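Structure, as structure tokens:
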Amino acid sequence: MKISLDGLHKAFESKVRLGVMSALAVNDRIDFSSLKELLEVTDGNLASHLKALEKVEFIGVEKSFIDRKPNTKYFMTVKGKKAFNDHLSALEKLIKSHK
Amino acid sequence: MKKEQDYIRDIAEIRSMMERSSKFLSLSGWAGIMAGIYALLGAYIAFTFLNFRPEELFYSTSGPSPFNLTKVILLAVTILIMALGTAVFLSYKRASKRNEKLWNPTAKQLLASMMVPLVVGGILILLMILKGLIGLVVPFSLLFYGLALFNASRYTYQEVKILGLTEIILGLISSWFVEYGLLFWALGFGVVHIIYGIHMNYKYKK
């Protein structure tokens with residue numbers, strides 16, 4: 001994934017991915033089902049977006065078992081935090097330049 | 001190429017997601033107002049009908065007491081349950097109106113952050129009652145309730161922090177003026193809650 005001309009990261013073009021990053025920016029760890037509830041998306045949809053973010057190493061995964069049921073938690077990596085902040089600055093700049 | 005509107009919408013969405021995922025915003029101002037009314041009613045009943053006038057720090061639990069301590073404690077517990085029940089019911093209604101679930105991760109974080117001060121305070125107050133130190137019940141309940149709110153304000157409206165600080169200050173003052181315990185109780189749990197509730201209703205009414 002590349003950064004487009006205006007400084008916006010391609011990874012954040014999707015609403016779901018932007019939502020995931022926003023939620024992870026203010027929470028240490030969030031599990032899959034909570035993310036699903038927050039974003040109101042289907043399992044498959046969310047899983048594919050999470051995989052995409054994992055692939056570019058913007059988020060990390062932590063797998064554990066609660067009552068023998070698998071529980072997957074996600075967190076933001078340092079790289080992801082930087083990319084998200086850069087994206088916010090780029091958005092800010094674009095809005096300012098339009099005015 | 002995206003338009004300016006899209007960027008503004010993106011930012012609005014980011015902000016809303018950050019807030020929704022980290023703050024519990026289903027608490028209604030009415031919960032505060034109702035809790036305040038229950039507390040004032042309780043203080044009135046305790047004063048008029050149960051003859052509760054804690055004017056000293058120490059009361060012997062075995063000797064004759066000027067008031068029925070068991071009934072006063074029962075009354076206090078009833079008020080607590082009524083206030084909590086109303087808060088949960090109103091939050092539930094508000095959450096379902098906004099298509100959110102009440103028992104979400106932020107609600108859990110909010111409760112968890114209140115738990116430690118509340119449980120410690122509750123045990124301490126119970127020990128004080130057993131030791132006959134009735135005069136300390138009001139100051140300690142205000143203090144620990146205030147600490148719990150102050151702690152929990154991270155996960156909800158910022159006004160809760162001011163509410164918590166107010167209760168802490170009232171708790172400290174009432175530790176000195178033990179003889180005015182019931183008055184401070186009515187002030188801290190009654191009047192302060194009602195003012196807070198009216199302010200929240202006015203500010204966040206939609």
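Coordinate-derived values only; no laboratory data. No experiment lies behind these values; they were computed from the predicted model shown. Here Cβ is always computed from backbone atoms with ideal geometry, including for glycine, and neighbour counts include all displayed protein chains.
How large is ³J(HN,Hα), in whole Hz, for each residue of region A:78-91 in order, when computed from phi with the Karplus curve 6.51 cos²θ - 1.76 cosθ + 1.60 and θ = phi - 60°, using x for Gly and Pro?
For region A:78-91, the Karplus-derived couplings read 4, 4, x, 4, 5, 4, 5, 5, 4, 4, 4, 4, 5, 4 Hz, x marking Gly and Pro.
Below 8 Å, C-alpha to C-alpha, sequence gap of six or more: please give me the relative contact order for chain A in percent.
It comes to 30 percent, rounded to a whole number.
Mind listing the phi-derived Karplus ³J(HN,Hα) values for region B:137-144, rounded to whole Hz, using 6.51, -1.76 and 1.60 with θ = phi - 60°, and x for any glycine or proline?
4, 5, x, 5, 5, 5, 4, 6
In debye, nearest 20, what is the charge dipole magnitude of chain A about its Cα centre with +1 on Lys and Arg Cβ and -1 on Asp and Glu Cβ, if you could check? Write out the running numbers ahead of the final one.
Details: 18 positive and 13 negative charges, 53 e Å.
Rounded to the nearest 20 debye, it is 260 debye.
Sorted from largest to smallest, which semi-axis lengths in Å does the alpha carbon gyration tensor of the protein assembly as shown give for its equivalent ellipsoid, taking the root of 5 times each eigenvalue?
Taking √(5λ) for each eigenvalue gives 49, 20, 16 Å, largest first.
Between B:A107, B:H193, B:L75, whose Cα lies farthest towards the positive end of the dipole of the protein assembly as shown when Lys and Arg beta carbons carry +1 and Asp and Glu beta carbons carry -1, centred on the Cα centre?
After comparing all options, I get B:A107.
Report, by chain and number, residues whose modeled amide H sits under 5 Å from the one on A:I59, excluding near sequence neighbours (fewer than 5 apart, same chain).
A:E54, A:T77
Sort out the exposed loop GluC sites (Glu not before Pro) in chain B (DSSP loop, at most 15 other Cβ within 10 Å) and tell me the longest stretch that has none.
Counting at most 15 other Cβ atoms within 10 Å as exposed, the longest clean stretch of chain B is B:57-206.
List the residues, sorted by chain then number, that are 5 or more residues from A:I30 or on another chain and whose placed amide H is less than 5 Å from its amide H.
Amide H to amide H, under 5 Å and 5 or more residues apart or across chains, A:I30 pairs with A:Y74.
Evaluate the relative contact order of chain B (contact order divided by residue number), counting alpha-carbon pairs under 8 angstrom at least 6 apart; express in whole percent.
Relative contact order, chain B: 33 percent.
Specify the inter-centroid distance of region B:129-206 and region A:36-99, based on alpha-carbon positions, in whole Å.
Each part's Cα centre sits 39 Å from the other's.
Pairs A:K63/B:K93; B:K71/B:K108; A:K69/B:K108; A:K51/A:K82; A:K69/B:K97: which are spaced more than 29 Å apart, C-alpha to C-alpha?
A:K63/B:K93; B:K71/B:K108; A:K69/B:K97, as the Cα separations exceed 29 Å there.
Would you calculate a helix-derived [θ] at 222 nm for the protein assembly as shown, using -39,500 (n - 2.57) for each DSSP H run of n ≥ 4 and dividing by the full residue count, to the nearest 500?
Estimated from H runs of four or more residues: -22000 deg cm²/dmol.
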